[in-house]
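The values are calculated or read from the model by the stated rules, or taken from the named source; none is laboratory data. Predicted model only: the values in this text are computed from it and were never measured. As a convention, Cβ positions derive from the backbone with ideal geometry for all residues, glycine included, and neighbour counts pool all protein chains shown.
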């Protein structure tokens, strides 16, 4: 696409969204924003428009370019460490050479199980430079969930950090190929010796040969680069396939067209790198522009702004929960004393959007919507409030029956489109250009597709999310549907939680759903239970779910019922349960809560309910 066509397209978008703008001054501000960013937008659009999946373009292309053009510029900032673009690329090349010497080749999966620290990105960068697939494992998973995630990727090599060795060792016996020469131990603080049944990464990587460049390895735009784990809508985690194609497009969209980062800037990313917000949006944005990426091992609400000031960050990547945590902190005179003026992320809810910008002096919010396994993405390129922005892919919002948990089909058998202002299920057409990479599990991938949507033979990706049509090609995220809700920045599978509850001796049947908690982002887990007898041991149940589930999946509320309502096809009906929530004033049955910092469920009394409503319990 010629530059003039790109500029005309940008002007067309600006014209389309004028109906969303409340005041002429906002129109002028948007026009000034677009004008200021035109060179970056044009550069970003070149990557967004890429369609030849056989092109020799990949993540490593950006890393190698930065190492050539800005060798001494900062690529990564972590605690007191400063890693240059040259060092990052050299470290990646050592990893690539080391893996090749161990028999790893293009298309092989390599598991990465480390906390947020530079060694994680050295490993991932080396894997993708060689043409491998980095399977970045969720560091919060344990026991059977962790074992399941490892087994999904069929890894031929494992990078395991010292900080997570015990968790890995617990499930190692169930993994294929985890022999000592295929498990590389990456020291952290060096508090323990290298295990006898692992290879020392510090020793071996330092003397490893330099691996091939990405071009020499034959890496192309269409090749897979990551496995990103998602709860999906049912069951245990699934490994969604992320390609260089999507990573490069994201880098152009977020780092250039949206944030318009410059090489001397810093993007702060305190989010976990086993999620795409950090691994793709944040890293891609920094790499595409040559800017530095500042990492933090674990998000800290009390140190967030101190980190921003320490690294002189001019932008950061967020999820909605992060913003709410920051808003819940007592106001400080220093709230605006920082260099950040723009941010990129998803999940910023309308109820705090403008207040967050006002309190912290944020001028630009580039909210987006995307699914790790999907083929559709929205980006709020024009910095409009309370919208996920525009989408270049062909999509539709269709009417959805929440009680039946399925899209509505008309008398002709096809789905019905939602109207302007209505809430509908987001579906996106699958085509060669907008392909559906799906999961490593083909059966799970098929379940995410809808066929014969608007005509015989068409195929659409089912996002599982409800959006509202704002008109002028803009949309607003509303909620998830079906069997998944989001809590503490993680997708929680209701089926997975219910399966654990159903194995507890006192419980005959459980249904799980998400409920809103005043002042908290996302939805907390709530379970309605049918007991086997008359007694529920709350103390044992609390210990049991904490042992069997990741912290974010532990139900916060319980409700004891005589029976659970089901549809004629025996699907549990949850819509009324969600509406009633944990309000003990409206429910005659016992309701319990697991409060922050407590280990045992306690009854929800009127006093406790008042504390919840007044946001005094720290959720």
Looking across region 406-421 at residues that are part of a loop (DSSP other than H, G, I, E, B) and within 12 Å of residue 396 (Cα to Cα), the single one that is modelled with the lowest pLDDT is 420
Practice task
Restrict the check to region 139-150 and report whether at least one residue is under 21 Å from residue 280 (Cα atoms), out of contact with any helix residue (DSSP H, G or I) (no Cβ under 7 Å at 6 or more places or on another chain) and in contact (Cβ under 8 Å) with a residue 12 or more places away in the chain.
Solution key: yes
Among strands (runs of 3 or more DSSP E) completely within region 496-615, the ones holding 3 or more residues that are under 28 Å from residue 327 (Cα atoms) are 507-515, 524-531
Picked from region 587-607 (must be exposed (fewer than 15 other Cβ atoms within 10 Å of the Cβ) and in contact with a helix residue (DSSP H, G or I) (Cβ under 6 Å, 6 or more places away or on another chain)), the residue nearest to residue 535 (Cα to Cα) is 600
Return yes when residue 252 is over 27 Å from residue 372 (Cα atoms) and crowded, with 18+ Cβ neighbours inside 10 Å and no when it is not.
no
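Quick one: which of 348, 322 is touching a helix residue (DSSP H, G or I) at 6+ places or on another chain (Cβ under 6 Å), under 28 Å from residue 577 (Cα atoms), crowded, with 23+ Cβ neighbours inside 10 Å and not assigned by TED's automatic domain parsing to the domain that holds residue 35?
348
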Residue pairs within 8 Å by beta carbon, gap of at least six or interchain, first lying in region 599-613 and over 14 Å from residue 538 (Cβ atoms), second surrounded by fewer than 15 Cβ atoms within 10 Å (Cβ to Cβ), listed first then second, are 606/585; 608/602; 609/583; 609/585; 612/518; 613/518
Note on region 384-411: residues out of contact with any strand residue (DSSP E or B) (no Cβ under 9 Å at 6 or more places or on another chain) and without any contact (Cβ under 8 Å) to a residue 12 or more places away in the chain are 410, 411
> Does any residue of region 132-155 turn out to be more than 23 Å from the chain's Cα centre (by Cα) and either under 27 Å from residue 276 (Cβ atoms) or outside any loop (DSSP other than H, G, I, E, B) (or both)?
Replying inline: no
Discussion item. I'd like to know if region 177-191 contains one or more residues that are in contact with a helix residue (DSSP H, G or I) (Cβ under 6 Å, 6 or more places away or on another chain), at pLDDT below 95 and not assigned by TED's automatic domain parsing to the domain that holds residue 494.
Written reply: yes
Note: among 181, 166, just one is surrounded by fewer than 17 Cβ atoms within 10 Å (Cβ to Cβ), assigned to a helix (DSSP H, G or I) and free of Cβ contacts under 8 Å to residues at least 24 places away in the same chain, namely 166
All conditions in (1) outside any loop (DSSP other than H, G, I, E, B); (2) surrounded by fewer than 23 Cβ atoms within 10 Å (Cβ to Cβ) are true of residue 383 except (1)
Exception for residue 124 within (1) crowded, with 22+ Cβ neighbours inside 10 Å; (2) more than 19 Å from the chain's Cα centre (by Cα) falls at (2)
